[in-house]
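Notes follow the structure.
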Amino acid sequence: MNEPPHTTRDDVPPSPRRPSRRTVLAAISATTATAALPLASPARAAAGERPSDVLYVGTWGKNQVHALDFDPVRGTLTSLGAVAEVSSNWVAVHPTRPVLYVAGGEQGGIIRTFRIDDSTADLHRTGEIQTEDTPGGSGGLSYIGVDADADTLLVADFAAGSASTVALRHDGGLGAVACTVRDSGSGPNPRQAGPHVHHVVLDPSRRFALVADFGADRVFVHRYDRATRRMSDTSSAGRPGSYATAPGSGPRRLAFHPRGRTVYLLNELSADIEVLSWNARSGVLTPRQLLTTNAPGHTGATSAAELAVSHDGRHVYVSNRGDNALVVFAVDQRTGLLTEVQRLPCAGVTPWSFSLHPDGRWMFVANEASGTVHLFLVEPGSGRLTDTGTAVAVPNPDCVGVYRRRGAAPAAHL
């Protein structure tokens, strides 16, 4: 489902625009202050300083979750080592509770919950649920995410070709599976023999659920009931339908612009990004723009991976595994259309995914094949990225979840 490309390029040229002096100094400071040795213990925050954050990192095929201590003021990363021995295709952090959700690679769509120890970053398993009664294929879950109201877990099962919703309790614990829907379809690529769901998001009104189906070359649009957390079945009357991508494109990721009228769609196999208009009344997607994320003259494997919109809606970020690159697009605030403004190396091999820090100043890139989580600085205003040179070794990282500590300064990890 998420196979890394067979060939890669390490010669993606950096952007010709030079970063500002302030940006360079910040990057140098972050690099020199970093302690990136495995199993190092984080220093306590000085009196009056807010505690550091914790990054939880899933590992592809390694059956571990790793933790990193991150100081957002100094820009330092410190490894805390493995904190859970469990399959971790994807991880998600509850936005207001000390809870980590971990999606497994086993058949059956297994999701496990862990309580986060605020002082040590240790994990304590608290629950488990199976989202599929009749699993099929290998590879397991491809995505889990907490909805904006933090009462529902959105689940994409690549292997089973299904999307599910799971109710969350007030404390962040798992309730019951509320709904599972299966669509149909296939594509011309050998990896598209049937539906393979890669991503599930709710629109800002929470009246629709959008499902990016890698195998069917479609974004399925389901009606969503906020009270029951149920998506309409594909055969239900009044279902809005779907948006068809180009054959063999492999839809992978969806992201709404904060204003709610534009959707960005990243296609894995064709490595392009689509700008779609969103009609919140009818649930209809309309194509407006198509841009490649490949470098000029690109040859070899083609594979786009991750997509995110900046918190202020001014920039869109993409990772390209075929080029081992990160691409930054500026967003026209009137139209939502994109213009490429920067392309730079991801500082590793196979940028499987990345996460933006909640304060918008940092990006954490999971370079799966090279086994590193790399830190980039996000320049205020321009949205451009600067490689800080800071990286921590993690075996086959596939995703990064950010937990913001609530309590006192962190204690040493034991």
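The values are calculated or read from the model by the stated rules, or taken from the named source; none is laboratory data. Remember, it's a predicted structure, so these values are computed and weren't measured experimentally. Positions of Cβ are generated from backbone atoms using ideal geometry, with glycine treated the same way; all protein chains shown enter the neighbour counts. What goes into the accessible areas is simple: the full protein's heavy atoms, side chains included, and nothing from ligands, DNA or RNA. Shrake-Rupley method; radii C 1.70, N 1.55, O 1.52, S 1.80 Å.
List of remarks:
- Selection of the stretch 153-189 for residues being touching a Gly at 6+ places or on another chain (Cβ under 9 Å), of a type in the set (Ser, Thr, Tyr) and surrounded by 19 or more Cβ atoms within 10 Å (Cβ to Cβ) yields 162, 164, 180.
- Filter result for residue 97 (touching a Lys or Arg at 6+ places or on another chain (Cβ under 7 Å) and surrounded by fewer than 21 Cβ atoms within 10 Å (Cβ to Cβ)): no
- Here residue 108 meets each of (1) surrounded by fewer than 20 Cβ atoms within 10 Å (Cβ to Cβ); (2) at pLDDT 95 or above; (3) in contact with an Asp or Glu (Cβ under 8 Å, 6 or more places away or on another chain) with one exception, condition (2).
Let's see how each residue does on (1) free of Cβ contacts under 8 Å to residues at least 40 places away in the same chain; (2) touching a Gly at 6+ places or on another chain (Cβ under 9 Å):
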{"site": "268", "(1), (2)": "no, yes"}
{"site": "278", "(1), (2)": "no, yes"}
{"site": "290", "(1), (2)": "yes, no"}
{"site": "300", "(1), (2)": "no, yes"}
{"site": "337", "(1), (2)": "no, no"}
{"site": "340", "(1), (2)": "no, no"}
{"site": "348", "(1), (2)": "no, yes"}
{"site": "351", "(1), (2)": "no, no"}
{"site": "365", "(1), (2)": "no, yes"}
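- In summary, residue 248 fulfils each of the numbered conditions (1) in a loop (DSSP other than H, G, I, E, B); (2) on the phi < 0 side of the Ramachandran plot; (3) in contact (Cβ under 8 Å) with a residue 40 or more places away in the chain; (4) not aromatic (Phe, Trp, Tyr) with the single exception of condition (2).
- Condition met for residue 267 (more than 23 Å from residue 220 (Cα to Cα) and open to solvent by less than 10 Å² (accessible area, probe 1.4 Å)): no
- Test result for residue 297, small (Gly, Ala, Ser) and either open to solvent by less than 50 Å² (accessible area, probe 1.4 Å) or in a strand (DSSP E or B) (or both): no
- Boolean, residue 283 is at pLDDT below 95 and crowded, with 17+ Cβ neighbours inside 10 Å: yes
- Matching residues, the stretch 371-397, being free of Cβ contacts under 8 Å to residues at least 40 places away in the same chain and over 18 Å from the mean Cα position of the chain (by Cα): 380, 381
- Residues in the stretch 228-236 include at least one that is open to solvent by 10 Å² or more (accessible area, probe 1.4 Å), in contact with a Cys (Cβ under 6 Å, 6 or more places away or on another chain) and either over 15 Å from residue 199 (Cα atoms) or free of Cβ contacts under 8 Å to residues at least 12 places away in the same chain (or both).
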